[in-house]
1. Let me know the Kirkwood hydrodynamic radius for the chain, please, with Cα pairs as the basis and the value in Å to one decimal.
2. Roughly how many whole Å is it from the C-alpha centroid of the range 93-123 to that of the range 12-69?
3. First measure r as the distance between the Cβ atoms of ASP124 and ASN71, then evaluate 1/(1 + (r/R0)^6) with R0 = 22 Å and state the FRET efficiency to the nearest 0.05.
4. Kindly state, to the nearest 0.05, the FRET efficiency for GLU166 paired with LYS51, given R0 = 25 Å and r defined as their beta-carbon distance.
5. Would you mind putting 28-41, 78-91 in packing order, based on average other-beta-carbon counts within 10 Å, highest first?
6. Apply the Karplus parameterisation 6.51 cos²θ - 1.76 cosθ + 1.60, with θ equal to phi minus 60°, to every residue of the range 39-54 and state each ³J(HN,Hα) to the nearest whole Hz, in sequence, with x for glycine and proline.
7. Quote the convex hull volume per residue of the range 13-86, based on C-alpha atoms, as a whole number of Å³.
8. Reachable lysines from LYS155, Cα under 29 Å, same-chain residues fewer than 8 places away excluded?
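Read-outs: derived from the displayed coordinates by stated rules, not from any lab. Owing to the predicted nature of the structure, the values given are computational and were not obtained by experimental measurement. Cβ placement follows ideal geometry from the backbone for every residue including glycine, while neighbour counts extend to all protein chains displayed.
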Amino acid sequence: MGRAFDSINDQMREFIERQHVFFVASAPSEGGHVNLSPKGLDSFRVLGPNKVAYLDLTGSGAETIAHVQQNGRISFMFCAFEGKPNIARVYGRGTVHLVGSPGFDELRPHFDDQAGIRSIITCDVDRTSNACGYAVPFMEFSEERTRLSEHWGGKDEDEIAAYWVEKNETSIDGIPAVPAT
């Protein structure tokens, strides 16, 4: 049976740190589209029992940024695809730290270099939970995909900023996301 907590304990932290993929969910304040995105590339950090962060890389949309800036709601899910079944969820209030902001610069040392970094999103955790995960299939991790890093690694800052203007200024529902620089 599932159990709920008000923070990330050591056992949950160890589980989270072993996972190669996580999912982030957010939604606009009213109506609109709920967003659920898979993330990888060693981009998630547990900063404390009630604080987490992830390195947000440039992508085709900016839904999480838009939603978190609008209302702060954010959730994360981690599934055990290997070993003992488990699902961990982390809930809380998010903050977006765009590239160049003081918060971004303070958090940046927690992460390895990645091409196309757009922001760091933090979450003040107010609830966590574990569930059985009995229906999650076994899958074996073989390696990280390199395509995103190869793509953004071949672009300069101006090209990436132009992409943000074209694709990331608003969410699919028109909510402001990444401001033009």
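1. Numbers: mean 1/r = 0.0588 Å⁻¹.
Evaluated on the chain, it is 17.0 Å.
2. 12
3. 0.95
4. Numbers: r = 33 Å, r/R0 = 1.32.
Efficiency, from the Cβ-Cβ distance: 0.15.
5. 78-91, 28-41
6. So the J values, rounded to whole Hz, are 9, x, 6, 6, 10, 10, 9, 8, 8, x, x, 10, 8, 10, 8, 9.
7. Working: hull volume 8.0 nm³, N = 74.
Convex hull of Cα atoms, per residue: 107 Å³.
8. Here the lysines satisfying the reach criterion relative to LYS155 are LYS39, LYS167.
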